[in-house]
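First comes the structure, then the notes that go with it.
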Amino acid sequence: MAGSAIRSKVFSVFALVLAGLAGILAEDATIQDGPLVNGDFEAVPTGGFSDDVLREGGATIPGWKSNGTVELVSVRQRQGPMILIIPGGAHAVRLGNDAEISQELKVEKGSLYSVTFSAARTCAPLESLSVSVPPAASTVDLQTVYSDQGWGSYAWAFEAQQGDVSLVLKNPGMEEDPTCGPIIDDVAIKKMFTPPRPKENAVLNGDFEEGPWLFKNKSLGVLLPTNLDEDATPLPGWIVESNRAVRFVDSDHFTVPEGKRAIELVSGKEGIISQMVETTPRKQYMLTFSVGQAGDSCKEPLALMAFAGDQARSFHYMADSNSSFELAGLNFTAKAERTRIAFYSVYYNTRIDHSSSLCGPVLDGVRVWPTSGSIRFAPLGFGFGPFGAALVVVLIWVLKMS
C-alpha cells in the first residue's frame, strides 16, 4: 500500500510538471510582437514571382490565405502609364474587387493587440481597407494627404475573444476595373499593455510611450485613424474622435520632446485626440503638456488647441534655437468625476518641401494634476518659454515629493 501511495504521488507530481510544460509551450506558441509570417510578402511563392499574373481564389502566398482577385505586385510594375507604389521591399499584395487575404494567429484570449500595416492606393479615387479579427472590424480610408510617398502606415486594435483568431484584410470596393484596389505591405502585430498611471497625474499614457508597432526602417510614423472605442485603441488611454488621423511618431525619425514616442497632430481640426481623466468635482487642476515641432520641415506657424473640461485655449509654438519644444498649460476646475481633455492642430499645416503633405505640432508629456488656489498660472495663450518651462518642472517635482 505504501508503494502504491508513493507511485500515486509521483504520478501526480509528474502530471503537474507536464501540465506546466504544456502551459509554457502554449504560451510560447502565441504570436510574438513584430512582422507576421511573410508580412512583407517577400517569401517566394510556388512558381516564383510574376509581374503580371493574377491569382484568383487561392493565390499561393506563403503564410496567407486569399479569396478573390489577389495580385502579387513588384517594384516598378506598371498598370498603363501608372507605376504601382510598393511601400517596402520589392513585393506587396494588391486586392481587387471584394478580395481579401487572411492569416491565422494564436493570441492570448482577453488581451489587446494592435495591427500595423502599410497601404497605398492604385486606380480608384477613393479606396479603403476593411481590417477585422471577427467580431471586431473597422474600415480605414486610405488617403494620400499625409506624405509625399504615396503610401502610409496605419494601426488598428482589437481585443482577442479567443486564443485562435483570423486577421482579415479586405478590399470592400467595387470598381469597373476589377483589379483596382489597395496595395498592402509590411503587416505586423503587437500585444498592448496598459501602462500604470503615474503618481500625481490623472492622464493614462500621457507620454505616449505605449503604442502600436513601429518599423525601424520606415520614417513616416504610423497613422491612427478614427477610433471611438476606449477599450480597443492602438494608443492606450486615448481615442481619435474625428474623421482624420493623427500620427504616432518616434525619436528615431522625428523630434520628440520626451522619451521615444509622441503624437503629431497632422489634420487640423479634423484630427482630435482625447481622453477622459478621473477628477474630483469642484477641485482645481492644471493640464500641462509639451508642444513643439517634429523636425519634418513643417511650415510655421504651429499651434494646437487644448481642452480641459469647459476650458479651451490655443497655444503657439515659436521656433527657438535652444529648444524644439515648449511647455504649456491651462487651469481648470473639475465639474464631474471624469473630465475630457483633448487636443487638435489649429492650422492645416503642410511641409515646406512638399505642400500636399499634412503635418503639424507635436504633442507629448500630457499631465493633469491637482493644484491649490495659490499654485495657478495666468491664462496665457502661448507656451511658458524657457523660464516658465523650468518653473512647471519644479512645481511638478514638488507635488510628486509632497
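The values are calculated or read from the model by the stated rules, or taken from the named source; none is laboratory data. Not measured: the values here are computed from a predicted model. Glycine gets a Cβ as well: all are built from the backbone with ideal geometry, and neighbour counts include every protein chain shown.
Determine whether PHE343 is in contact (Cβ under 8 Å) with a residue 40 or more places away in the chain, assigned by TED's automatic domain parsing to the domain that holds ASP231, among the aromatic types (Phe, Trp, Tyr) and part of a strand (DSSP E or B). Taking the combined requirement at face value, the residue satisfies it.
Conditions (1) in contact (Cβ under 8 Å) with a residue 12 or more places away in the chain; (2) over 23 Å from the mean Cα position of the chain (by Cα); (3) assigned to a strand (DSSP E or B), marked per residue:
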residue	(1), (2), (3)
SER66	yes, yes, yes
VAL73	yes, yes, yes
PRO87	yes, no, no
THR116	yes, no, yes
ALA119	yes, no, yes
VAL140	yes, no, yes
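For (1) modelled with pLDDT of 95 or more; (2) closer than 20 Å to SER267 by Cβ; (3) hydroxyl-bearing (Ser, Thr, Tyr), each residue gets a yes or a no:
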| residue | (1), (2), (3) |
| --- | --- |
| GLY295 | no, yes, no |
| CYS298 | no, yes, no |
| ALA303 | yes, yes, no |
| ALA306 | yes, yes, no |
| GLN311 | yes, no, no |
| TYR317 | no, yes, yes |
| ASP320 | no, no, no |
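For region 142-149, state whether one or more residues are within 27 Å of GLU270 (Cβ to Cβ), β-branched (Val, Ile, Thr) and surrounded by fewer than 23 Cβ atoms within 10 Å (Cβ to Cβ). The answer is yes; a qualifying residue exists. Given the condition modelled with pLDDT of 95 or more, hydroxyl-bearing (Ser, Thr, Tyr), buried (at least 18 other Cβ atoms within 10 Å of the Cβ) and not in a loop (DSSP other than H, G, I, E, B), answer yes or no: does some residue in region 351-366 qualify? No, region 351-366 has no match at all. Comparison of ASP185, ASP164, ASP148, ASP141 shows that the only residue that is modelled with pLDDT under 95, over 17 Å from PRO234 (Cα atoms) and of a type in the set (D, E, K, R) is ASP148. Just so you know, in region 156-208 the residues that are on the phi > 0 side of the Ramachandran plot and either in a loop (DSSP other than H, G, I, E, B) or outside the structural domain of SER132 (by TED's automatic domain parsing) (or both) include one that is surrounded by the most Cβ atoms within 10 Å (Cβ to Cβ), and it is GLY181. With respect to being at pLDDT 95 or above and more than 30 Å from GLY68 (Cα to Cα), LEU235 fits the description.
Would you be able to say whether some residue in region 313-329 is in the same structural domain as HIS354 (by TED's automatic domain parsing) and in contact with a Lys or Arg (Cβ under 7 Å, 6 or more places away or on another chain)? Taking every residue of region 313-329 in turn, none turns out to be in the same structural domain as HIS354 (by TED's automatic domain parsing) and in contact with a Lys or Arg (Cβ under 7 Å, 6 or more places away or on another chain). Within region 84-127, the set of residues being within 21 Å of LEU235 (Cβ to Cβ) and of a type in the set (S, T, N, Q) comprises SER111, SER114, THR116, SER118.
I need a count of the residues in region 246-260 that are among the basic types (Lys, Arg) and in contact (Cβ under 8 Å) with a residue 60 or more places away in the chain. Residues meeting the conditions: 1.
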